[in-house]
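Everything below concerns the one structure shown next.
The values are calculated or read from the model by the stated rules, or taken from the named source; none is laboratory data. Predicted model only: the values in this text are computed from it and were never measured. Here the Cβ positions follow ideal geometry from the backbone for every residue, glycine too, while neighbour counts run over all protein chains shown.
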Amino acid sequence: MKSTVEQLTPTRVRINVEVPFTELQPDFERTYKQLAQQVRVPGFRPGKAPAKLIEARFGRAAVLQQVVNEALPSRYSEAVTSSDLKPLGQPDIEVTKLDDGENITFTAEVDVRPAIILPDLEQLKITVDPIEVNDDEVDAELDSLRARFGTLTGVERPAAKGDFVSIDLDATIDGETVEGAATEGLSHEVGSGQLIEGLDDAIVGLSAGESKSFTTKLAAGPQAGKDAEVTVTVQSVKERELPEADDEFAQLASEYDTIGELREKLTEQVGRTKRIQQAEKVREVTLETLVEQVEMPLPEAVVQAHIDNALHNALHGLDHDENKFAESLAEKGSSRAEFDAETRSEAEKSVKTQLLLDALGDELEIQVGQNDLTQHLVLMARQYGIPPQQLVQFLQQNNQLPAVFADVRRGMALAAAVRAAAARDTAGNRRGRRGRRGVGSRRGSRRGRRGRGRIRRVTL
């Protein structure tokens with residue numbers, strides 16, 4: 001087999017492939033066996049009819065068509081491998097010449113990853129805010145803990161934010177009662193925003209036995225999205241009394257004997273949370289810096305696929321009605337032109353980020369080990385609330401495991417960049433660990449190669 005590559009654009013190539021018929025003999029034999037199973041020829045056992053009889057029954061053209069259809073994908077993959085290309089998406093394949101008994105010539109046009117020049121990771125300057133824990137943050141944690149041990153006491157006054165009320169609700173649209181919207185004795189924390197929009201504002205200032213009506217959009221049910229007149233009636237008002245923040249409370253709510261020890265532990269807890277947040281910020285800023293510094297042409301077909309998917313998701317909940325979509329955008333103070341512009345910008349940034357991290361993963365020779373993939377899948381399963389094996393089965397059935405694998409590898413590539421970058425906070429303190437070598441270092445590549453094993457299969 002012979003193949004050549006034409007560079008059509010920085011992100012698209014045409015592969016020209018010529019396959020001699022002598023290399024297609026195994027494909028012909030496999031096709032004859034498959035077709036032989038579909039016919040019964042007197043004097044021959046099922047599946048044993050000779051090639052000439054098979055061709056006489058189905059026709060030479062049908063045999064050739066099946067051979068070509070089954071042979072081209074593997075020959076395309078072989079050409080991609082030999083040319084060291086990195087395809088993006090599926091190719092457009094066209095048979096340009098078919099000389100029976102001589103050769104098959106076909107072309108395959110496909111988007112490919114563009115050439116990307118990566119910066120020296122050790123020269124990246126990443127700056128984030130320092131970790132500071134103040135008394136107000138510790139007080140907030142302490143108040144949250146006290147709230148868990150608080151008690152509710154009935155009060156004879158108007159409801160205020162933070163109170164707990166028992167309420168009745170009913171709703172009407174154009175004077176007609178909304179079926180299923182009425183409820184009685186509903187417990188609600190004023191100011192939590194957990195129910196319908198406008199409810200908390202209506203409740204504040206009402207005493208037990210008082211009512212108030214307000215207009216809001218229904219969020220669920222057959223009338224979702226429509227304006228309704230909602231009436232709320234307060235049945236009772238209770239306030240939460242918090243225990244005193246003293247040694248007795250510390251002993252009740254924790255393993256510590258004094259409130260001072262408890263506050264010290266809460267300070268450590270807030271600091272730990274802030275360190276996690278700072279680490280996430282370092283990752284975010286590192287990625288943003290890389291994206292800003294790296295220039296690359298983007299494959300338009302890949303960008304358009306992202307745009308089409310975003311539009312499909314936006315229209316799906318509106319029965320793909322463009323008029324409803326326009327109305328929805330107008331209600332949000334936007335327009336279709338603004339939506340299209342924002343969607344394209346986000347698609348371009350997403351594609352650029354993925355291509356950059358893929359290139360960085362190749363440069364650093366990042367290898368995804370089975371433990372890396374398994375941990376990610378277990379975390380995904382926990383987020384979806386399903387057993388890990390059920391998630392793996394779903395991903396396999398929908399051919400989504402390669403995408404998950406790619407996401408894990410990109411995350412590992414970004415983590416390597418964070419370790420190498422010179423991340424500091426504004427106070428000058430070092431954040432993260434510096435790698436021994438920058439991008440392109442052979443020594444760094446060998447270390448990456450030794451550190452990870454290639455994934456062979458997924459077992460959970």
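Details
- Selection status of L315, over 30 Å from I117 (Cα atoms), part of a helix (DSSP H, G or I) and at pLDDT 95 or above: no
- Qualifying residue in segment 149-158 (condition: crowded, with 18+ Cβ neighbours inside 10 Å, of a type outside the set (G, A, S) and either on the phi > 0 side of the Ramachandran plot or touching a residue at least 40 places away in the same chain (Cβ under 8 Å) (or both)): no
- Taking the conditions (1) of a type in the set (A, V, I, L, M); (2) closer than 30 Å to S254 by Cα; (3) surrounded by 17 or more Cβ atoms within 10 Å (Cβ to Cβ) in turn, L118 satisfies each one other than (2).
- Residues located in segment 187-217, provided they are in contact (Cβ under 8 Å) with a residue 12 or more places away in the chain and small (G, A, S): S187, G191, G198, A202, G205, S207, A208, G209, S211, S213
- Restricted to segment 173-273, the set of strands (runs of 3 or more DSSP E) holding at least 3 residues that are of a type in the set (D, E) comprises 227-241.
- Top-ranked residue in segment 49-102 [being outside any helix (DSSP H, G or I) and of a type in the set (A, V, I, L, M); ranked as farthest from K352 (Cα to Cα)]: A49
- Residue in segment 312-335 that is aliphatic (A, V, I, L, M), under 18 Å from the mean Cα position of the chain (by Cα) and either farther than 20 Å from T11 by Cβ or loosely packed, with under 13 Cβ neighbours inside 10 Å (or both) present: yes
- Selection within segment 82-123 - on the phi > 0 side of the Ramachandran plot and either free of Cβ contacts under 8 Å to residues at least 24 places away in the same chain or of a type in the set (D, E) (or both): D84
- Residues of segment 211-228 that are modelled with pLDDT of 90 or more and surrounded by 14 or more Cβ atoms within 10 Å (Cβ to Cβ): K212, F214, T216, A228.
- One residue from D358, D340, D372 being under 30 Å from K125 (Cβ atoms) and out of contact with any helix residue (DSSP H, G or I) (no Cβ under 6 Å at 6 or more places or on another chain): D358
- Residues of segment 141-183 that are modelled with pLDDT of 90 or more and of a type in the set (D, E): E141, D143, E156, D163, D168, D170.
- On inspection, I104 fails the criterion of being touching a Phe, Trp or Tyr at 6+ places or on another chain (Cβ under 6 Å) and surrounded by 14 or more Cβ atoms within 10 Å (Cβ to Cβ).
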